Amino acid sequence: MTSADGNSGLAIAFSGGGFRATLFHLGVARRLLELGLLDRTEFISGTSGGAIFAAYLLSKWPKEVAWTAAHFEREVQRSLLEAITKRNFRMSFLWRTVGWAAIFPLYLILHPNLAEQLFMKEIFGNQGMDALPKRPQIFLNTTELRTGTSFRFTQSKMSSYWDGPVNYADPGVKVPTVAAAVAASAAFPIMFRDQKISLPNRDGHPSSVRLVDGGIYDNLAVEPFLKREFDRKHFIVISDAGYPADHTWRPRLPYVSEFARLRNIGLAQADNIRRRWIFESLSIGHRRGCFVRLSSSARAIAKLQDAGGDPNMTDYPEGLPEEVVKDLAKVRTDLDRFSESEAALISFHGYTLMDACLLKFHAALRSAPPRFDGIWAGLNRIGSDQGWRNWAERVLAASGSRWGRRTDPVRPAI
């Protein structure tokens, strides 16, 4: 990509965070599409919920033609929203596991990759990783249990940090399905079993690996972009839909609560180190790009004064107000059904954050104003209209119901 920033292409990282992350990334990608930046993307990296979106986006990538809003809306936005708002993946998985295991106790042992089967049935089909478009290059990130290091899938190979790459073209290699790679990236322990991937016989190397949620190792999905060639060559977009730090923790169960808290602190600090590295790299100009985080507001981005952005931009009135963003950041990171209103709010937030970041720091790339239509019609009024704000608060209040069917409050008239 040749731009005012002097970069040759985009590298996009989609973080983990369940379907909440998938919806947030949908909004970010939609804004990049409208500005013509999605066509200039050379690398996409995804973890967990971000891997779901990254793989789905690439599977719908237009061949030899540019992205259009109509193609994106039909092939990506509409179909993905239908999958997330009409089906409950968590309950489907539980029925398959707990239900069958109660009848046939050996079921879980004989069918270890149930998550792959679920993703294959509901979203990806039986498409192999090597059947995805060759460009942009994709990284689907997982964590290898044996070594505690990263394991990645691309269109041509799978790579272990410890044991090196395995090319799909090598003799004896079984090409993993897209569903298998995504299931491994999203397989959070306890909820999902680890995913077993077979490897060809190689001296001194294991014949299989066991993989779990990539967010355990790198929830931001930025590890592939730490290489030197990404320093200034690419404009990096990091879409972070992970949970913010919890500063209100209180123990509930002796020992169990403390153990869970220690685990969460460890995971959070690994991400925080990467976030600090990213902020420092962007602020000193070592890298060029945008970092958008679900727990931040577009208005907060506009007010930044010490990060090299436009000092004259001090507000972004179309964005969600701080109080609504705080509630949005508490929405579950799960694979259950999201209501249409939840999906609209989360994706709208990603859309406006991406727009605000470009407007503040890279105005030359923001070549067209945002469009607040379709599922986002009227949402730009939440910050200025009390009726719309009350609606948003009711949607997020209902979001706390983890097991019941969530009803959508009626939207105010536009």
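The values are calculated or read from the model by the stated rules, or taken from the named source; none is laboratory data. Note that the structure is predicted; figures quoted are calculated from it, not measured. Every residue, glycine as well, gets a Cβ built from its backbone with ideal geometry; the counts of neighbours run over all protein chains shown. Accessible surface areas use protein heavy atoms only, side chains included; no ligands, DNA or RNA. Shrake-Rupley method; radii C 1.70, N 1.55, O 1.52, S 1.80 Å.
Every residue, every condition in (1) at pLDDT below 95; (2) closer than 16 Å to GLY350 by Cβ, yes or no:
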position	(1), (2)
MET1	yes, no
ASP5	yes, no
SER8	yes, no
ALA13	no, yes
GLY17	yes, yes
ALA21	no, yes
LEU26	no, yes
GLY46	no, yes
Residue count for the range 377-395, restricted to those that are closer than 19 Å to PHE338 by Cα, surrounded by fewer than 19 Cβ atoms within 10 Å (Cβ to Cβ) and in contact (Cβ under 8 Å) with a residue 60 or more places away in the chain: 1
Count - residues of the range 216-243 that are modelled with pLDDT of 65 or more and part of a loop (DSSP other than H, G, I, E, B): 10
Within the range 361-376, tally of residues that are in contact with a helix residue (DSSP H, G or I) (Cβ under 8 Å, 6 or more places away or on another chain), open to solvent by less than 50 Å² (accessible area, probe 1.4 Å) and under 14 Å from VAL237 (Cβ atoms): 1
Those residues of the range 283-340 which are free of Cβ contacts under 8 Å to residues at least 40 places away in the same chain and either in contact with a His (Cβ under 8 Å, 6 or more places away or on another chain) or among the aliphatic types (A, V, I, L, M) (or both), in sequence order: ILE284, ALA300, VAL325
Selection within the range 297-321 - buried (at least 16 other Cβ atoms within 10 Å of the Cβ) and either touching an Asp or Glu at 6+ places or on another chain (Cβ under 9 Å) or not in a loop (DSSP other than H, G, I, E, B) (or both): SER297, ALA298, ARG299, ALA300, ILE301, ALA302, TYR316, GLU318, GLY319
Among residues of the range 30-69, those that are open to solvent by less than 30 Å² (accessible area, probe 1.4 Å), farther than 17 Å from ASP218 by Cβ and not hydrophobic (A, V, I, L, M, F, W, C), counted: 6
